[in-house]
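Have a look at the structure that comes next, please.
The values are calculated or read from the model by the stated rules, or taken from the named source; none is laboratory data. No experiment lies behind these values; they were computed from the predicted model shown. Heads up, the Cβs are rebuilt from the backbone with ideal geometry, glycines too, and the neighbour counts pull from every protein chain shown.
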Amino acid sequence: MFAIPWYAVIFISIPETLSIIGIGFALFNINIALGRSIGAGISVGVVSYFLRLMLIPPGIHIIILTLLLTVAISCFCQIKLCSSFVAVLLGAMILGVIENVITSLALNLTAKTVNDLAANPWLNIEVFLPTLLLASLLYLLIRRLSFVLYNLNMR
């Protein structure tokens, strides 16, 4: 896994974390206050920056961030740890699929490689923007249609 500059944390990691929170928790009908999700997003984004500087295998990196986000949301929002874990996992899986498809398409269309993304952080940000747009549209669609996969809201 390649290291990312601090500004990539602001433009990629934090919005990505907010998208995971928004989509995952919306699908389980759990409302998270925007301020609390921003706090969790910034916390996980900062940790993501430092984790990428360490020699940790990519799979372990994802597991650590998923568990950290689960605990952060559970603590910040007083949500059961199990409910938080399920919502974070689903949000991460959905965003992962969107990001994988869009990044693959963008790299194929531009004839760039993953090495180009590592060498040019702004290219990485440009490739992430369509992912963010699609994730935002999905979130708005879920909210607009009041689509709930399973109701975990016990309040």
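Going through segment 129-155 one residue at a time, which ones are of a type in the set (A, V, I, L, M), in contact (Cβ under 8 Å) with a residue 12 or more places away in the chain and under 23 Å from Glu99 (Cα atoms)?
Matches in segment 129-155: Leu132, Leu134, Ala135, Leu138, Ile142, Val148, Leu149.
Could I ask something else about it? Among the residues of segment 131-149, write down those that are crowded, with 16+ Cβ neighbours inside 10 Å and over 19 Å from Asn29 (Cβ atoms).
Thr131, Leu132, Leu134
A further question on this structure: If you check every pair at least six apart or on different chains, which have Cβ atoms under 6 Å apart with a residue in segment 83-94 that is in contact (Cβ under 8 Å) with a residue 12 or more places away in the chain and closer than 12 Å to Thr17 by Cα first and a residue that is of a type in the set (Ser, Thr, Tyr) and surrounded by 19 or more Cβ atoms within 10 Å (Cβ to Cβ) second?
Val88/Thr70
Does segment 70-82 contain any residue that is surrounded by fewer than 20 Cβ atoms within 10 Å (Cβ to Cβ), under 14 Å from the mean Cα position of the chain (by Cα) and at pLDDT 95 or above? Reasoning before the result, please.
To start, the set of residues in segment 70-82 that are surrounded by fewer than 20 Cβ atoms within 10 Å (Cβ to Cβ) comprises 71, 74-78, 80-82.
In the following step, the residues that additionally are under 14 Å from the mean Cα position of the chain (by Cα) were identified as none.
There is no residue in segment 70-82 that is surrounded by fewer than 20 Cβ atoms within 10 Å (Cβ to Cβ), under 14 Å from the mean Cα position of the chain (by Cα) and at pLDDT 95 or above.
Another one. Identify all residues within segment 1-54 that are buried (at least 17 other Cβ atoms within 10 Å of the Cβ), at pLDDT below 90 and among the hydrophobic types (A, V, I, L, M, F, W, C); write none if there are none.
Ile4, Ala8, Val9, Leu51
While we're looking at this one, here's another question. Answer yes if at least one residue in segment 3-10 is small (Gly, Ala, Ser), within 19 Å of Thr103 (Cα to Cα) and touching a Leu at 6+ places or on another chain (Cβ under 9 Å), and no otherwise.
Step one: filter segment 3-10 for residues small (Gly, Ala, Ser), giving 3, 8.
Cutting the leftovers down to within 19 Å of Thr103 (Cα to Cα) gives us 3, 8.
Next, from what is left, pick out any that are touching a Leu at 6+ places or on another chain (Cβ under 9 Å): 3.
Yes, that holds for at least one residue.
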